[in-house]
Amino acid sequence: SGISIWTLGWFLYHLNSKTQIKLFSWLIATSLFIETTVIFIQSYRGVPSHFNNSDPFNSMMNGLLFSVMLIFLITISYLTLIFFKQKKMPISQHYTWGLRMGLLNFVIFSISGIIMFAKMTHCIGGIENGEGMALFNWSHKHGDLRIAHFMGVHALQIIPLLSYYLFTKKIQVINFSILYFLATLSFLILALLGIPILG
């Protein structure tokens, strides 16, 4: 959540409307604060914070988590639209498109998070047993929706940073963004088919 707030604050700096900046800032900060609070409470109670409908209280907390993440997604979707509509940016064209494509990839692959909540699991094709790849803990036996989710979330940092430090033309940013999209889409399809990336 801290990385997301820092990243989106960096994005909002480039908007022209102070009213929009205040609105987006409030919605982003509030939704992420509630998400973090729910996760903290459930962790303190020693129960899973996600996909937990084991009793009425846990169902309520899981529903609250989904609700605030939906508000967050709607907010970022509208922010993405604003970035495409705003023609004048105080930054270079290729960097502008880096921000736009980072946001767009994030919004598109938020579908992986929605699928996880719908299925109440991130593991497809088998039962999660807690064993996975080192560091990330992604399943090496079944499809794992967290990979596409990770790629989508961090498109917010990866594409803009490369567009600022490495790319010098708009077409370079767009081409890389398309490749990034296709790679993430491949991970999502593999997960939905129940195929592990190292299977």
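Can Thr75 be described as assigned to a helix (DSSP H, G or I) and within 16 Å of the chain's Cα centre (by Cα)? Write out each step before concluding.
Values: assigned to a helix (DSSP H, G or I): yes; within 16 Å of the chain's Cα centre (by Cα): yes.
Yes; evaluated as a whole, the condition is true for this residue.
Return the residue satisfying two criteria in turn: it lies in region 168-199 and is farther than 20 Å from Glu128 by Cβ and among the small types (Gly, Ala, Ser), and of such residues it is most open to solvent (accessible area, probe 1.4 Å). Before the answer, list the steps.
First pass over region 168-199, keeping only residues farther than 20 Å from Glu128 by Cβ: 168-186.
Applying the additional criterion that residues be among the small types (Gly, Ala, Ser) yields 177, 183, 186.
Details: Ser177: 1, Ala183: 41, Ser186: 60 Å².
Here the answer is Ser186.
Out of all the residues in region 97-112, is one or more modelled with pLDDT of 95 or more, open to solvent by less than 70 Å² (accessible area, probe 1.4 Å), within 21 Å of the chain's Cα centre (by Cα) and of a type in the set (Ser, Thr, Tyr)?
Looking for residues that are modelled with pLDDT of 95 or more, open to solvent by less than 70 Å² (accessible area, probe 1.4 Å), within 21 Å of the chain's Cα centre (by Cα) and of a type in the set (Ser, Thr, Tyr), one finds none in region 97-112, hence no.
Condition check: without any contact (Cβ under 8 Å) to a residue 12 or more places away in the chain, within 24 Å of His154 (Cα to Cα) and of a type in the set (Ser, Thr, Tyr). Does Thr75 satisfy that? Quick ask: steps written out before the conclusion?
Details: without any contact (Cβ under 8 Å) to a residue 12 or more places away in the chain: no; within 24 Å of His154 (Cα to Cα): yes; of a type in the set (Ser, Thr, Tyr): yes.
Considered against the rule, which asks whether it is without any contact (Cβ under 8 Å) to a residue 12 or more places away in the chain, within 24 Å of His154 (Cα to Cα) and of a type in the set (Ser, Thr, Tyr), Thr75 comes out as no.
Please work out if Ile171 is among the hydrophobic types (A, V, I, L, M, F, W, C), over 24 Å from Leu65 (Cα atoms) and not in a loop (DSSP other than H, G, I, E, B). Steps first, answer last, please.
Working: among the hydrophobic types (A, V, I, L, M, F, W, C): yes; over 24 Å from Leu65 (Cα atoms): yes; not in a loop (DSSP other than H, G, I, E, B): yes.
Yes; evaluated as a whole, the condition is true for this residue.
State yes or no: is Ile41 open to solvent by 50 Å² or more (accessible area, probe 1.4 Å) and closer than 30 Å to Ile91 by Cα? Break it down stepwise before answering.
Values: open to solvent by 50 Å² or more (accessible area, probe 1.4 Å): yes; closer than 30 Å to Ile91 by Cα: no.
Spelling it out, it is not the case that Ile41 is open to solvent by 50 Å² or more (accessible area, probe 1.4 Å) and closer than 30 Å to Ile91 by Cα.
State all residues of region 151-167 that are outside any helix (DSSP H, G or I) and either at pLDDT below 95 or open to solvent by less than 50 Å² (accessible area, probe 1.4 Å) (or both); if no residue qualifies, say none. Steps first, answer last, please.
Taking region 151-167 as the starting set, the residues that turn out to be outside any helix (DSSP H, G or I) are 166-167.
Selection gives Phe167 alone.
If you scan region 44-73, which residues turn out to be open to solvent by 50 Å² or more (accessible area, probe 1.4 Å), within 26 Å of Leu103 (Cβ to Cβ) and either touching an Asp or Glu at 6+ places or on another chain (Cβ under 9 Å) or of a type in the set (A, V, I, L, M, F, W, C) (or both)?
The first filter runs over region 44-73 and keeps only residues open to solvent by 50 Å² or more (accessible area, probe 1.4 Å), leaving 44-46, 48, 50-51, 53-57, 60, 64, 66-67, 70-71.
Still in the running and within 26 Å of Leu103 (Cβ to Cβ): 50, 64, 66-67, 70-71.
Once the filter is applied, which keeps residues that are open to solvent by 50 Å² or more (accessible area, probe 1.4 Å), within 26 Å of Leu103 (Cβ to Cβ) and either touching an Asp or Glu at 6+ places or on another chain (Cβ under 9 Å) or of a type in the set (A, V, I, L, M, F, W, C) (or both), region 44-73 yields Leu64, Phe66, Leu70, Ile71.
Let me confirm something: among Leu135, Leu81, which residue is aliphatic (A, V, I, L, M), closer than 21 Å to Ser31 by Cα and either in a loop (DSSP other than H, G, I, E, B) or free of Cβ contacts under 8 Å to residues at least 12 places away in the same chain (or both)?
Selected residue: Leu81, the only one of Leu135, Leu81 that is aliphatic (A, V, I, L, M), closer than 21 Å to Ser31 by Cα and either in a loop (DSSP other than H, G, I, E, B) or free of Cβ contacts under 8 Å to residues at least 12 places away in the same chain (or both).
The values are calculated or read from the model by the stated rules, or taken from the named source; none is laboratory data. Small disclaimer: the values here were computed from a predicted structure and weren't measured. Positions of Cβ are generated from backbone atoms using ideal geometry, with glycine treated the same way; all protein chains shown enter the neighbour counts. Heads up: the accessible areas ignore ligands, DNA and RNA and are worked out on the full protein's heavy atoms, side chains in. Shrake-Rupley method; radii C 1.70, N 1.55, O 1.52, S 1.80 Å.
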